[in-house]
Amino acid sequence: MSERSARPAKRTREPTDPRTPGEGRGESPTDRTASVGGLGIANVMSISVVQRSAEIGIRRAVGHSRSTIGTQFLLESSTFVGLLGGSLGAAIGVGVVYLVSFFEHWVVEIGYAQIPLWMGLALLVSVLAGLYPSIKAARLQPLETLRLG
């Protein structure tokens with residue numbers, strides 16, 4: 001056995017990356033927050049479809065079209081969950097920032113002009129997350145839902 005092969009290989013330290021995790025690699029905290037929020041909305045709306053299957057069956061049995069039922073669930077996810085949740089979250093966030101800055105004697109700088117952009121993002125995420133549950137609700141068969149519900 002030669003002396004060369006007995007030595008362990010030198011380990012070089014990787015240079016530390018000063019960027020925050022995800023920065024410059026196509027992902028950001030906003031991306032992660034939007035995807036987690038979208039998964040939450042899709043989960044809540046899917047559970048709503050299962051719990052309201054009897055109601056959907058009755059509505060289908062009395063003549064409501066698939067598009068009417070799908071539109072109802074899509075509007076519920078976008079209006080109530082997306083816009084209401086987005087505005088409530090923005091209001092709580094601004095309130096917490098002002099509260100903490102009051103006690104810490106910080107100067108507050110909030111970009112109020114960007115709030116419509118973030119509300120639009122909340123609406124987009126809620127509509128995309130509500131698509132699958134609304135299509136699922138629209139495809140339920142009336143007799144099957146009445147039997148299961």
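FYI, it's all coordinate maths here, none of it is from the lab. Computed from a predicted structure; not experimentally measured. Note that each Cβ is placed from the backbone with ideal geometry, even for glycine, and that neighbours are counted across all protein chains shown.
Distance between the modelled labels on residue 119 and residue 39, one decimal in nanometres: 2.9 nm (7 Å Cα→Cβ projection).
Backbone geometry of region 73-84 corresponds, through the Karplus equation with coefficients 6.51, -1.76 and 1.60 at θ = phi - 60°, to 3J(HN,Hα) couplings of 5, 5, 5, 4, 5, 7, 6, 6, 7, x, 6, 5 Hz, x marking Gly and Pro.
The modelled label-to-label distance for the pair residue 136/residue 105, using points 7 Å beyond Cα in the direction of Cβ, is 5.4 nm.
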